[in-house]
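Novice: One structure follows; several queries about it will come next.
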Amino acid sequence: MPKLKLALYWAASCGGCDVAVLDINEKILDVAALADIVLWPIAMDFKYHHVEAMDDKSIDVCLFNGAVRNSEQEEIAKLLRAKSKIMVAFGACACFGGIPALAYVEAPTNDNPERTFPQTQTKVKEGELELPEFFDTVHALNQVVGVEYYLPGCPPPVELILKVVDALATGQLPPVGSVIASDKALCDECLRTKEEKRITKIYRPHQIIPDPQRCFLEQGLICLGPATRGGCGQRCIKANMPCRGCFGPPPGVVDQGAKMLSAVASIYDVSDEEGIIRMVEEIVDPAGTFYRFAMSTSLLERKRT
Ligand code: SF4
Ligand code: SF4
Ligand code: SF4
């Protein structure tokens, strides 16, 4: 079988998804035996004009990580779409917008009172500098180009990356549109004890040491398990940290944050208006809590319009 042509690209990304590819350790040799890498900006010095010179659909698979938040990333996403037979949205940022989609001016971690934004043209004494245009909304990959497969996670776990590599090696690809993960919610895979207790206070993770056997939600910690697709191997749960939702919504759920809000509201013991106000005040940074990874693909799409 001729070697596959493989491209890996990062857009609005932290680099963690590229590191995750290297985390497959010696299996990277299997990838090297299976595929010639034709683009991988983090690791190899290819230029965009090398990609432009390729025939359309001459790349077999493109693993695209990161969200699309500026005009350069949009242009490269469209270029790679034209050149690739299969586009894989690799990681939470490409699948749902991820952390970059929380880049709004009023974010609690943002200090920008002058509302200073990157300009496309800047005059300096040496001449004019040009930067890509920053969009006012961060996009998931499928909001810009067509995508065949989704590999969620921040970053995707090694086991699922290997599953994709095996599928490519054997030609046994799942139906187009598949999410390479579980078809259940994370709660359905979680073995923590659930007593269906109601809670009277919401804690932040640094405020208590949780019981490692009991459901986080029933201990007052917001765990996005009810609103998150399973398949990650319960990475955070096993480390005694609540799930933050990096696998995105489970099948049948359109808006991960709304689903989680409804789960919290159903477990919080409120009997009057004061209780509702207390519950809302205890949820610090609701956008970052309920939409940490899936703001772009939510019904809200962004914090403000
Ligand atoms: S999904 Fe996570 S690891 Fe991957 S680029 Fe986004 S923030 Fe980084
Ligand atoms: S809410 Fe979290 S801890 Fe509780 S069952 Fe679901 S995944 Fe497990
Ligand atoms: S437990 Fe949640 S946040 Fe942690 S890896 Fe799994 S899906 Fe992602």
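The values are calculated or read from the model by the stated rules, or taken from the named source; none is laboratory data. Being a predicted model, the structure only gives us computed values, none of them experimental. Here the Cβ is made from the backbone with ideal geometry for all residues, glycine too, and neighbour counts use every protein chain on show. Ligands, DNA and RNA are stripped out before the accessible areas are found, and what is left, the full protein with its side chains, is counted by its heavy atoms. Shrake-Rupley method; radii C 1.70, N 1.55, O 1.52, S 1.80 Å.
Novice: May I ask you to rank Ile180, Ile277 by accessible area, largest first, using a 1.4 Å probe over the protein chains only?
Specialist: Details: Ile180 20, Ile277 85 Å².
Result, largest first: Ile277, Ile180.
Novice: Relative contact order for segment 178-305: what is it in percent, counting Cα pairs under 8 Å that are at least 6 residues apart?
Specialist: Details: 180 pairs, mean separation 33.9, N = 128.
Result for segment 178-305 is 26 percent.
Novice: Testing the spin-label approximation: label points 7 Å from Cα along Cα→Cβ at Met241 and Lys184. State their distance in nm.
Specialist: The modelled label-to-label distance comes out at 2.4 nm.
Novice: Just check the chain against the gyration tensor rule for me: Cα atoms, a ≥ b ≥ c as the square roots of the eigenvalues, rounded for a/c under 1.5, and otherwise prolate or oblate depending on whether a/b exceeds b/c. The partial results should precede the final answer.
Specialist: Numbers: a/c = 2.42, a/b = 1.39, b/c = 1.74.
The shape class here is oblate.
Novice: Find the relative contact order for the chain and round it to a whole percent, using C-alpha pairs within less than 8 Å whose residues are 6+ positions apart.
Specialist: On the way: 549 pairs, mean separation 53.3, N = 305.
Averaging sequence separation for qualifying contacts and normalising by length gives 17 percent for the chain.
Novice: By the gyration tensor of its Cα atoms, with a ≥ b ≥ c the square roots of the eigenvalues, what is the shape of segment 1-159: rounded for a/c under 1.5, prolate for a/b over b/c, or oblate?
Specialist: Details: a/c = 2.05, a/b = 1.49, b/c = 1.37.
Prolate shape, in that a/c is at least 1.5 and a/b is the bigger ratio.
Novice: By how many nm would the segment from Glu281 to Tyr104 grow when fully extended, if each residue of separation counts as 0.36 nm and the alpha-carbon distance is taken off?
Specialist: On the way: separation 177, 0.36 × 177 = 63.72 nm, distance 2.05 nm.
Residue separation times 0.36 nm, minus the Cα-Cα distance, leaves 61.7 nm.
Novice: Take peptides 218-227, 155-164 and line them up by average Cβ neighbours within 10 Å, highest first, as a rough protection proxy.
Specialist: Values: 218-227: 23.1, 155-164: 19.8.
Averaged packing, sorted descending, gives the order 218-227, 155-164.
Novice: To the nearest 0.05, how large is the calculated FRET efficiency for Ile42 and Leu79 if R₀ is 22 Å and r is the Cβ-Cβ distance?
Specialist: Working: r = 18 Å, r/R0 = 0.80.
For R0 = 22 Å, the calculated efficiency reads 0.80.
Novice: About the Cα centre of segment 171-278, how large is the charge dipole given +1 on each Lys and Arg Cβ and -1 on each Asp and Glu Cβ? Please answer in debye to the nearest 20.
Specialist: On the way: 14 positive and 12 negative charges, 85 e Å.
Result for segment 171-278 is approximately 420 debye, rounded to the nearest 20.
Novice: Still on this structure: Quickly work out the Val254-to-Phe134 label distance, labels modelled 7 Å from Cα along the C-beta direction, and quote it in nm with one decimal.
Specialist: Label-label distance for Phe134 and Val254, simple model: 3.1 nm.
Novice: Next question, about the same structure. State the extension gain, in nm to one decimal, for the chain segment bounded by Val176 and Gln213, taking 0.36 nm per residue of separation less the distance between their alpha-carbons.
Specialist: Details: separation 37, 0.36 × 37 = 13.32 nm, distance 3.82 nm.
Roughly 9.5 nm would be gained on extension.
Novice: Here is a further query. Quick check: net charge around Ala185, other residues with Cβ under 15 Å of its Cβ, Lys/Arg +1 and Asp/Glu -1?
Specialist: Details: positive: Lys184, Arg192, Lys194, Arg229, Arg244, Lys259; negative: Asp183, Asp188, Glu189, Asp255.
Combined, the nearby Lys, Arg, Asp and Glu give +2.
Novice: Now for a separate question. Can you send over the solvent-accessible area of Arg69, 1.4 Å probe, protein chains only, in Å² to the nearest 10?
Specialist: Using a 1.4 Å probe on the heavy atoms, I get roughly 60 Å².
Novice: How much length is gained if the chain between Ser71 and Glu195 is pulled fully straight, taking 0.36 nm per residue apart and subtracting their Cα-Cα distance, in nm to one decimal? Present the calculation step by step, with values, prior to reporting the outcome.
Specialist: Values: separation 124, 0.36 × 124 = 44.64 nm, distance 4.98 nm.
Computed gain between Ser71 and Glu195 is 39.7 nm.
Novice: Across segment 12-158, how many lysine pairs, 8 or more positions apart or on different chains, have C-alpha atoms separated by under 24 Å? Please give the number. Intermediate results must be reported in sequence, preceding the final value.
Specialist: Numbers: Lys27/Lys85; Lys47/Lys57; Lys47/Lys78; Lys47/Lys83; Lys47/Lys85; Lys57/Lys78; Lys57/Lys83; Lys57/Lys85.
The number of close lysine pairs in segment 12-158 is 8.
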